[in-house]
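The values are calculated or read from the model by the stated rules, or taken from the named source; none is laboratory data. Small disclaimer: the values here were computed from a predicted structure and weren't measured. All Cβ positions, even for glycine, are placed from backbone atoms using ideal geometry, and neighbour counts span all protein chains on display.
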Amino acid sequence: MCLMAQPRYTADGQLTLPSDYREWIFLSSGLGMTYAQSMQMAPAFTNVFVNPAAYRSFVSTGKWPDKTMLVLEIRASASKGSINQGGSYQGDVVGIEGEVKDQAKFPGNGWAFFGFGKSSTGKMLPPSEDCYSCHAEHGAVDNTFVQFYPALLGIARQKGTLSGHN
């Protein structure tokens, strides 16, 4: 059972990271997914989780409801360890980010982005950050990259909610 069904904020407006987010619905994992060219030697893995109530609503409607919260967990990649000598696997968490739809709290399109780093609270990123314009311009459904979530892409197609950015 999800302990936190809706986003929670601290008194100073930071988003509280749900301690149970890894029990949420897993949407996808990517390797080397980035907004810009990276100088990193090994690309990072990204894991995307969404709160269960928002997932159920998306499955029914093809849209994200208010109070949707997505958590992006960024992990280092490793290629040699234990018995593995050829592939890549996920290593330590290097950062966590969040995207929240809260129409009362965030005027405009209702979405905001938060950077947690390795903290349990995340500071809201200013609207001048690239994530806002990139998601608005390239998000396949309601400011999100559903085009990279295979289980949801077909639902969005079926429900007719895909934008032209997929």
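Residues in the stretch 97-107 that are out of contact with any Gly (no Cβ under 6 Å at 6 or more places or on another chain) and surrounded by fewer than 21 Cβ atoms within 10 Å (Cβ to Cβ) were compared, and the one that is modelled with the lowest pLDDT is PRO107. Within the option set PHE45, PHE116, being in contact with a Ser or Thr (Cβ under 6 Å, 6 or more places away or on another chain) and under 21 Å from SER19 (Cα atoms) holds for one residue only, PHE45.
Only residues that are more than 21 Å from ASN109 (Cβ to Cβ) and among the small types (Gly, Ala, Ser): list them for the stretch 61-91, please. Spell out the reasoning first.
Taking the stretch 61-91 as the starting set, the residues that turn out to be more than 21 Å from ASN109 (Cβ to Cβ) are 73-91.
Hits for the stretch 61-91 are ALA76, SER77, ALA78, SER79, GLY81, SER82, GLY86, GLY87, SER88, GLY91.
Taking the stretch 86-113 as the range and being polar (S, T, N, Q) and assigned to a strand (DSSP E or B) as the test, only GLN90 passes.
For every residue, the table says whether it meets (1) in contact with a strand residue (DSSP E or B) (Cβ under 9 Å, 6 or more places away or on another chain); (2) at pLDDT below 95; (3) exposed (fewer than 13 other Cβ atoms within 10 Å of the Cβ).
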| position | (1), (2), (3) |
| --- | --- |
| ASN109 | yes, yes, no |
| ALA112 | yes, no, no |
| LYS118 | yes, yes, yes |
| LEU125 | yes, no, no |
| SER128 | no, yes, yes |
| HIS135 | yes, yes, no |
| VAL141 | no, no, no |
| LEU152 | yes, no, no |
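Please state which one of ALA76, ALA112 is touching an Asp or Glu at 6+ places or on another chain (Cβ under 6 Å) and either closer than 17 Å to ASN51 by Cβ or not charged (D, E, K, R) (or both).
On the way: ALA112 fails: touching an Asp or Glu at 6+ places or on another chain (Cβ under 6 Å).
Matching residue, one of ALA76, ALA112: ALA76.
Annotation for the stretch 43-65: at least one member residue is farther than 23 Å from GLN6 by Cα and crowded, with 17+ Cβ neighbours inside 10 Å. For the stretch 118-141, a tally of residues being over 17 Å from VAL71 (Cβ atoms), touching a residue at least 24 places away in the same chain (Cβ under 8 Å) and assigned to a loop (DSSP other than H, G, I, E, B) returns 1.
Residue count for the stretch 66-90 satisfying the condition of being surrounded by 15 or more Cβ atoms within 10 Å (Cβ to Cβ), over 26 Å from ILE155 (Cα atoms) and charged (D, E, K, R): 1.
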